[in-house]
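Enquirer: Supplied in structure tokens, the structure appears directly below.
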Amino acid sequence: MTLNRRGSLARWQRTTDSLFVKICGIREATMSVHAARAGADAIGVVYAGGSPRTVTAEEGASIVLGFDRPGMTVGVFNDSPRTLPALGSHRGAMQFHGLHDEEFLRTFVGQDRLLIVAVEPTAAAIARWSKLSFINALLVDSARPGSGVAHEPGWLKELGAIVASTATPIILAGGLTPDSVADAIAIVHPAGVDVSSGVERSRGVKDEGLIRAFIACARQAHAERHPH
């Protein structure tokens, strides 16, 4: 499934015909090949600093070549990084964390690429950013992205109610694992899920078996809720 325009994303959420699954923090081309073969819709390439998964623009270009849909390689950035080389060289989808500058984000409108904005895990933050129609999807991560810390159960229930009433597709991230993703999907009913640390055998090192297991569990959970 290729998702690269707001129209397709809106249809995807409304008809619940599929679940968007992203494997984030890929650091080498061989693992992006594994993610593609396992059925991932997208992979994340982290250019934001301060993460064990951070790669350079040159490394990112190599990783992109390993995925079968270059447009669904998601460049992950932090705090509107205007001077970061990868901001200009990355040609796939874009995902921004941190201090969002609306004017900066608007520069990506009309470039035929998926634009994902990570927001704080609060109802107020989701309401604020969902008003901006040029954003394709909101990523609701934990308060410490990439840490493997999961959301509180009470918040997941609240988020489920928000998802049901919000037009902008919501991608759930934050401490998801092959063992927990099915329950999270059942509670939140997100348009997509995103995982990084939950498919690693050590910090920053992805595990092919865990990637396969995560995608299979997520797909099964979605299929059980939306049988064809």
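Enquirer: Looking at 183, 194, which one is more than 17 Å from the chain's Cα centre (by Cα) and not aliphatic (A, V, I, L, M)?
Expert: 183
Enquirer: If you don't mind, another one. Would segment 133-144 turn up any residue that is β-branched (Val, Ile, Thr), surrounded by fewer than 20 Cβ atoms within 10 Å (Cβ to Cβ) and modelled with pLDDT of 90 or more?
Expert: No.
Enquirer: Please specify each residue of segment 63-86 satisfying the condition of being more than 20 Å from residue 30 (Cβ to Cβ) and among the hydroxyl-bearing types (Ser, Thr, Tyr).
Expert: Answer for segment 63-86, where residues must be more than 20 Å from residue 30 (Cβ to Cβ) and among the hydroxyl-bearing types (Ser, Thr, Tyr): 80, 83.
Enquirer: Could you list, in sequence order, the residues of segment 97-113 that are outside any helix (DSSP H, G or I) and either under 19 Å from the mean Cα position of the chain (by Cα) or not hydroxyl-bearing (Ser, Thr, Tyr) (or both)?
Expert: 97, 98, 99, 100, 101, 108, 109, 110, 111, 112, 113
Enquirer: Here is a further query. Can you tell me which condition residue 91 does not meet? The list is (1) buried (at least 17 other Cβ atoms within 10 Å of the Cβ); (2) part of a loop (DSSP other than H, G, I, E, B), and all the others hold.
Expert: The failed condition is (1).
Enquirer: Then there is this: I'd like to know if segment 168-175 contains one or more residues that are surrounded by fewer than 19 Cβ atoms within 10 Å (Cβ to Cβ), under 16 Å from the mean Cα position of the chain (by Cα) and closer than 30 Å to residue 91 by Cβ.
Expert: Among the residues of segment 168-175, not one is surrounded by fewer than 19 Cβ atoms within 10 Å (Cβ to Cβ), under 16 Å from the mean Cα position of the chain (by Cα) and closer than 30 Å to residue 91 by Cβ, which makes the answer no.
Enquirer: For segment 158-167, give me each residue that is in contact (Cβ under 8 Å) with a residue 12 or more places away in the chain and loosely packed, with under 12 Cβ neighbours inside 10 Å.
Expert: 164, 167 - these are the residues of segment 158-167 that are in contact (Cβ under 8 Å) with a residue 12 or more places away in the chain and loosely packed, with under 12 Cβ neighbours inside 10 Å.
Enquirer: Scanning segment 30-58 for residues that are in a helix (DSSP H, G or I) and surrounded by fewer than 16 Cβ atoms within 10 Å (Cβ to Cβ), which turns out nearest to the chain's Cα centre (by Cα)?
Expert: 37
Enquirer: Let me ask you something else. Mind counting the residues in segment 26-74 that are under 22 Å from residue 139 (Cβ atoms), among the hydroxyl-bearing types (Ser, Thr, Tyr) and free of Cβ contacts under 8 Å to residues at least 60 places away in the same chain?
Expert: 4
Enquirer: Just one of 96, 77 is within 21 Å of residue 20 (Cα to Cα) and without any contact (Cβ under 8 Å) to a residue 24 or more places away in the chain; which is it?
Expert: Answer to the selection: 96.
Enquirer: Would you mind telling me which numbered condition in (1) more than 19 Å from residue 44 (Cβ to Cβ); (2) modelled with pLDDT of 95 or more; (3) of a type in the set (Ser, Thr, Tyr) residue 166 fails?
Expert: Looking at each condition in turn, residue 166 falls short on (2).
Enquirer: Considering only residues of segment 59-77 that are modelled with pLDDT under 90 and not in a loop (DSSP other than H, G, I, E, B), which is surrounded by the fewest Cβ atoms within 10 Å (Cβ to Cβ)?
Expert: 70
The values are calculated or read from the model by the stated rules, or taken from the named source; none is laboratory data. As the structure is a prediction and not an experimental result, all values here were calculated from the model. All Cβ positions, even for glycine, are placed from backbone atoms using ideal geometry, and neighbour counts span all protein chains on display.
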